[in-house]
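Written below as structure tokens is the structure these notes are about.
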Amino acid sequence: MNIDTGSTGTAITSTTELAINVVDGAAAPQWIVVLTGMAALAAVAPRWTWRNSGHLDTIAHEGGHALVAYLLGYWVFGVWLFSDTSGLTGSYGRPSRVASFLVSAAGYTAPSVLGLGAAALLSAGHVTATLMLAVVALAALFLIIRNNFGIMLVITTAGVVVLALRSASAGTQSALACFLTWFLLLSGPRSVLDLRRQRRNGPSSSDADAMAELTGVPGGIWVAGFGLVGVLCLFRGTALLLS
């Protein structure tokens, strides 16, 4: 393995010819943080942009279900991502109300929690590490995707991040990492608002209603809980990114 030091960091070249431009060491400039935050807000807030950008939220949502199910010892036999931004995660394991509750709770909270974790990494200057972790997570999800649209979506998303890791400058990597972080932080509360609108006509097949069935606590309370987690993560993540 040869290691060469350049102006943007350290370029690590392996025998597989995969070059990664490492730019860790300093937090992103404030102007990049602010501009990417505005771009993420523009991608999340309007309904017409959310119809497309919401796929990123679905990846995190279903990934949260799959990760918690796996950590609880369940067999995750598939994840499906659909063109209308909906998704489905299938898992099987020993019947447990607690485990079922935790798996259901993981979906709507996953984008916000992941965004907060990414914000903590970026505030410490770990730009490339944040993008590499995103690739690892997408690669793990790819192994259990079971429909063609989902496969295409995950490959495309991972491809953009890998391209940035291979050839992008420090500024471009910082911008991409900040945008993805802002997007996750903002999409958490945004998806909860959609859930609230969806449930206006009564209970549905949502995660909140599954949790209500398990606990006897009304689904609206769980929707409020999802929203609270999203808002708290957004506030804390914003403080980390702007610090």
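The values are calculated or read from the model by the stated rules, or taken from the named source; none is laboratory data. Remember, predicted model here, so these are calculated numbers, not experimental data. Each accessible area value is taken on the protein alone, full model and side chains, heavy atoms only, with ligands, DNA and RNA left out. Shrake-Rupley method; radii C 1.70, N 1.55, O 1.52, S 1.80 Å.
Among L186, L176, L71, the residue with the largest mean-square fluctuation in a Gaussian network model of the chain, with springs joining Cα atoms closer than 10 Å, is L71. Entry comment: accessible area of the chain is 51 Å² per residue, from protein heavy atoms only and a probe of 1.4 Å. Between the Cα long axis of helix 148-167 and the first principal axis of the chain there is an angle of about 30°, rounded to the nearest 10. Ligands, DNA and RNA left out, the 1.4 Å accessible surface of the chain is 68% carbon and sulfur atoms.
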